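This report concerns only the one structure given below.
Read-outs throughout are calculated quantities, based only on the coordinates presented, and are distinct from any laboratory measurement. Please read these numbers as outputs of a predicted model, since none were measured by experiment. We place every Cβ from the backbone using ideal geometry, glycine too, and count neighbours over all the protein chains shown.
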Amino acid sequence: MDVMETIKQQLSENPVILYMKGSPNAPQCGFSQRTSQAVMACGQRFAYVDVLSNPDLREGLKQYANWPTYPQLWVNGELVGGCDIVTEMYESGELKTLIESAVSEDSSD
């Protein structure tokens with residue numbers, strides 16, 4: 001499976017997925033740390049991928065998303081954004097609503 005197929009599969013199988021540097025419990029940069037904390041604070045399960053451990057995926061996702069930086073939060077196969085966007089959405093309450101909706105839609109399938 002090529003990297004673009006891997007990305008498509010990850011996005012289709014996970015209603016909420018965070019591509020980040022490191023893991024939520026051991027982030028490897030401040031932006032990934034802030035983003036993962038905001039997503040975790042929403043109280044729903046989410047998938048994550050450590051882009052540092054997979055350089056092919058790290059480069060492929062930049063092309064797939066047309067978004068050059070990490071972290072990247074995806075909900076229902078759509079790019080939500082990076083640290084600043086996710087943090088603003090968390091502070092306004094919009095992120096929790098979006099994530100809860102995506103998780104509940106997925107569990108009703």
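Computed values, structure above
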read-out	value
Antiparallel content of DSSP bridges confined to the chain, in %, to 5	70 percent
Length added when fully stretched, Met40-Asn25, from 0.36 nm per residue minus Cα-Cα	4.4 nm
Relative contact order of the chain, pairs being alpha-carbon contacts under 8 Å that are 6 or more residues apart, as %	33 percent
Distance (nanometres) between label positions extended 7 Å along Cα→Cβ at Asn54 and Ser107	2.6 nm
Relative contact order (%) - criterion: Cα under 8 Å, at least six apart; region: region 1-50	43 percent
Within-14-Å neighbourhood charge of Thr97 [Cβ basis; K, R +1; D, E -1]	-4
Region 49-109: relative contact order in percent, alpha carbon pairs under 8 Å with at least 6 residues between	17 percent
Additional length obtainable on full extension of the chain from Glu100 to Ala47, 0.36 nm per residue less Cα span	17.7 nm
Within region 16-39, backbone nitrogen closer than 18 Å to the virtual label 7 Å beyond the Cα of Glu78 toward Cβ	16-19
